Amino acid sequence: MRNRFRSSIFVAVAVLSTAVGQTPAYKAPRTADGKPNLNGIWQALNSANWDIQGHAAAAGPLFQLGAAGAEPPGLGVVEGDEIPYLPAMAAKKKENYANRMKLDPELKCYMPGVPRATYMPLPFQIVQSQQNIMLAYEYAGAVRVVNMGAPTKSPADSWMGWSNGHWEGDTLVIDVTSQNEDTWFDRSGNFHSDSLHVVERYTPRSADTLNYEATIEDSKVFSRPWKISMPLYRHVEKNAQLLEFKCVEFAEELLYGHLRKKN
Amino acid sequence: MRAKLAVVLASALFAGTLSGQALAKARVKTWVQPRTPDGQPDLQGVWTNATLTPLERPTELAGKQVLTPEEAVEFEKRTLQQVNSERRDGGNAADLNRSYNEFWRDRGTKVVAGLRSSLIVDPPDGRVPPLTPEARKRVDRAQAEARLHPADGPESLGLWVRCITRGLPMVPGPYNNDFQILQGPGYVTILHEMIHEARVIPLDGRPHAPKSVRAYMGDPRGHWEGDTLVVDTTNFSAKSNFRGSSESLHLIERFTRVDANTINYEFTVDDPTTFTKPWSASIPMTPIQNPIFEYACHEGNYAMSGILGGTRAEEAKK
Amino acid sequence: MSHRFLTSIAVGLLAAALAAGQALTSAAPAVKTSTSARTADGQPNLQGVWSNATNTPLERPQNLGAKEFYTEAEIAENEKRASQRAAAPDRAGTVADVHYDVSQFGLDRGHATLAKSLRTSLIVGPEGKVPPLLPEAQKRVADRAAAAKGHQFDSYENRALSERCILWPNEGPPMLPAGYNADLQIVQGPGYVAILQEMIHDVRVIPTDGRPHLPQNVRQFMGDSRGHWEGNTLVVDTTNFTDRTAFRNSTEKLHVVERFTRADDNTILYEFTAEDPATWAQPWSAQIPMTKIDSPIYEYACHEANYGMRNILSGARSDDREKGSN
């Protein structure tokens, strides 16, 4: 009787799953409260921070750094490799690129916003609790606390935006609003306005990798929503930890050097 | 009666089997394409395509597609004499301009088997087709610029002199005409000794990289047609230049191992913005005993500072 | 026979449906404040947004001698006087007036939620004071002051870490109450306790898996923290400070041990012991209660809006030009 019951359950669940149309994807282990476990230290392995579109390698802006300062190549992380700028906004992107050594907020150690924080060349850590999921970024100590309860409204614009999250199956979906207009998507001048709305999806694809997707919407700058996607890799070395990257010090000469007392 | 028929039939069969065996024995003597563990035709090894056969048919050989054995020997002797940088028959200025000595050279000692008078097989005249008008303008402008500014800075000099790339296709030159082919599941890699450039060619049918991604050696994609490896390369950088080619260059290469010691390497150059029609060449590759050596071009590029420094010194004199 | 089979299918479907249903409902609004004693993976629950604002001074007022605790009545009187002080306007035209407007929301200490404490000082013990500096420390402080004399406004390098938006002194560890934005959020995941301090959006992600500290030559402004549980108390041990952290003039040898105990739903008792053999003859400890607040952590974008630095330096350069010394 037991066996028949068990196999019936199996059949029933299988029927249910097939009915829902699920393909057998990787199923992450669960946290103690039954949610997909995304805890860990993660990092993107690409050159998206240089340029989210496909690009060949290129000389860097400072010849004194030679090959060390050169831009690495990349296949791009934008689906379709096209960013649908409105015509006037496409011109602004070109202007940004031409003046990027003056305008890129990363040079000044300003907080990178979302999604750029995800693919900075430094790791970030997910600390997953029930009501909140914290994403702590090594770059500039930037941080987000994602509310996993009923969505709340942002009290004010900020650099890292306001994040509300929920689960869709094994995917963590984070809705990010209220970012100010001062961040860029990369070092190449891809930008947005303060109407930016980002929806991120973090899906475990294996024990040590996540699929990361972000849909970007900003009707003041783009003619339609567009998407970026990339894998995120777990730091599996023993005792991996985020270290301090308090970069204000590294940006001060750039920002205030001209105000230094002479002699 | 039946028994007799049976014996006759049996004998006939037996005889037939015997001759089948004989045929099989004969077949075993011919070359069989070796295969890699995952079933690809095995092209692996270290190969050279050095040859005295020129890319283009010399004008004096117009109309002559194939040399006679005597003509070939004569051609080889004459060529080796002409290119010999160790001859001392012109005085100091001539010696200086010849540069290097034959120790560095590895151009081969023979014309190709088959004695074709050019590596180019199409068009039939064995010569590169004419440039398009826009390419002619482009090339003329570049040459004029080079005459006016032969050595203003590193950008004035060619990609080989700058040690950036030896480029494609694999046309033999005066030295280091060596290539190592290595195959793994789903990939063929070709390591060009000069300038230690490795092409890692996927065979899984994936599309080319996005148009925004350009490269000096382009973006290769391979597949097998029977026992021939076909490599399709696009996405060339605008700074690449094969006899005037542009970033529109579409290069198709074919590698067929025809016996233990020969890979037939054929390439087709298709660049409608540069050449008035596509053209093809065929160059045999034969094995060499040496490994691939490290060609540390840039690290030993004294020539660059010599050229630029020398030019600056001459300008200072004026 | 078929009857039983159908029933089994039905039960199976129901079970599956229930499971799916559970998954759906857990995405529905959760409770606002967690009152559970443990996290899902069994850690004592310290989670929430907390304030360590307090009217209790770090060191005991001189006149109180060895008196470690006030009475309830004395406390009430103190609180009344404190809010009167906060509401009083500074005299117009004075140096104190050229500063923040303390009646501005967020800077008004009368609005901050203060934890209840009868202590006369945060520092515990009969002295209630930071131990005196050792002679070598006094020399260090004097040398530094001498080197800085006349150069306080030369460059951003001569300004305090807080003015540069690199590190706020209250951040520590140890974590001390700040004049404003004295808020922090604790988020716990398996094997980690993360403490986010609002000022300056610094997170300490503290592993509790027993791993060793960082190598000696890796120093950090906020040191390197390792945690473990002793019963219901989180004990955090921090070393590897830089010599520029200089918590109350200490050196890179500073060693801080903090203890976090959830006293009740709305209170965490936070205690710390600081020691530095190159600075103080003995360790010293303090107790600071933290109160739960009903507020998110806001983004304190200190550096991004640091007009202060530009103004300080350009003001100084303007002074220099007037004096003819630029």
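A short reminder: the numbers here are calculations on the coordinates, not readings from a lab. Computed from a predicted structure; not experimentally measured. Reconstructed Cβ throughout: ideal geometry from the backbone, glycine too, with neighbour counts over all protein chains shown.
So the values come out like this:
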{"read-out": "Simple spin-label estimate for residue B:314 and residue B:71 in nanometres, 7 Å along Cα-Cβ", "value": "4.1 nm"}
{"read-out": "Cα centroid separation - the stretch C:262-317 against the stretch B:88-129, whole Å", "value": "78 Å"}
{"read-out": "Modelled FRET efficiency - R0 60 Å, residue B:277 with residue C:323, Cβ distances, 0.05 increments", "value": "0.15"}
{"read-out": "Cα-projected label distance for residue C:127 with residue A:156, points at 7 Å along beta-carbon direction, nm", "value": "4.1 nm"}
{"read-out": "Cα shape, the stretch A:117-263, gyration tensor, a/c 1.5 rule", "value": "oblate"}
{"read-out": "Mean residue ellipticity (222 nm) of the protein assembly as shown, computed from DSSP H runs ≥ 4 via -39,500 (n - 2.57), nearest 500", "value": "-7000 deg cm²/dmol"}
{"read-out": "Backbone N under 18 Å from the residue A:195 label point (7 Å along Cα→Cβ), restricted to the stretch A:213-240", "value": "A:215-227"}
{"read-out": "Chain B: relative contact order in percent, alpha carbon pairs under 8 Å with at least 6 residues between", "value": "20 percent"}
{"read-out": "All Cα pairs of the protein assembly as shown, percent lying beyond 35 Å", "value": "67 percent"}
{"read-out": "Residue-count net charge about residue A:232 - beta-carbon cut-off 10 Å; Lys, Arg +1, Asp, Glu -1", "value": "+1"}
{"read-out": "R0 of 41 Å, Cβ-Cβ distance residue C:116-residue C:151: FRET efficiency to nearest 0.05", "value": "0.35"}
{"read-out": "Spatial separation of Cα centroids for the stretch A:182-232 and the stretch C:135-163, in angstrom", "value": "45 Å"}
{"read-out": "Ranked list, fewest to most other Cβ atoms within 10 Å of each Cβ, for B:156, A:129", "value": "B:156, A:129"}
{"read-out": "Rg(Cα)/(2.2 N^0.38 Å) for chain B, N = residue count", "value": "1.28"}
{"read-out": "Backbone HN-Hα couplings from phi across the stretch A:32-44 [Karplus 6.51/-1.76/1.60, Hz, Gly and Pro as x]", "value": "4, 9, x, 9, x, 8, 9, 4, x, 10, 10, 7, 7"}
{"read-out": "Neighbour-count order for A:252, C:275, fewest beta carbons within 10 angstrom listed first", "value": "C:275, A:252"}
{"read-out": "Hydrodynamic radius (Kirkwood) for the stretch C:190-326, which is based on Cα pairs only, to one decimal in Å", "value": "17.9 Å"}
{"read-out": "Sites matching chymotrypsin sites (Phe, Trp or Tyr not before Pro) across the stretch B:144-214 that sit in DSSP coil, with at most 15 neighbouring C-beta atoms within 10 Å", "value": "B:160"}
{"read-out": "R0 of 25 Å, Cβ-Cβ distance residue C:298-residue C:163: FRET efficiency to nearest 0.05", "value": "0.75"}
{"read-out": "Which listed pairs, of A:93/A:262; B:110/B:137; A:153/C:292, have C-alpha distances above 29 Å, in listed order", "value": "A:93/A:262; B:110/B:137"}
{"read-out": "Under 27 Å from the Cα of residue A:261 - lysines, other chains or at least 8 residues apart", "value": "A:102, A:108, A:246, C:149, C:323"}
{"read-out": "12 Å beta-carbon shell around residue B:216, net charge (K/R +1, D/E -1)", "value": "+2"}
{"read-out": "Under 15 Å from residue A:220, Cα to Cα: aspartates and glutamates that are on another chain or at least 8 residues apart", "value": "A:181, A:182, A:194"}
{"read-out": "Lone cysteines, the protein assembly as shown (no partner Cβ under 4.7 Å)", "value": "none"}
{"read-out": "Full-extension gain in nm, residue B:206 to residue B:36, via 0.36 nm per residue minus C-alpha separation", "value": "59.0 nm"}
{"read-out": "Pair residue A:33, residue A:75: separation of 7 Å Cα→Cβ label points (nm)", "value": "3.8 nm"}
{"read-out": "Proximal lysines relative to residue A:27, as straight alpha-carbon distance under 16 Å, when same-chain residues fewer than 8 apart are discounted", "value": "A:35"}
{"read-out": "Whole-number percent relative contact order across the stretch A:70-139, with pairs defined as alpha carbons under 8 Å at least 6 apart", "value": "16 percent"}
{"read-out": "Amide H within-cut-off set for residue B:250, under 5 Å, with H built and near neighbours excluded", "value": "B:270, B:271"}
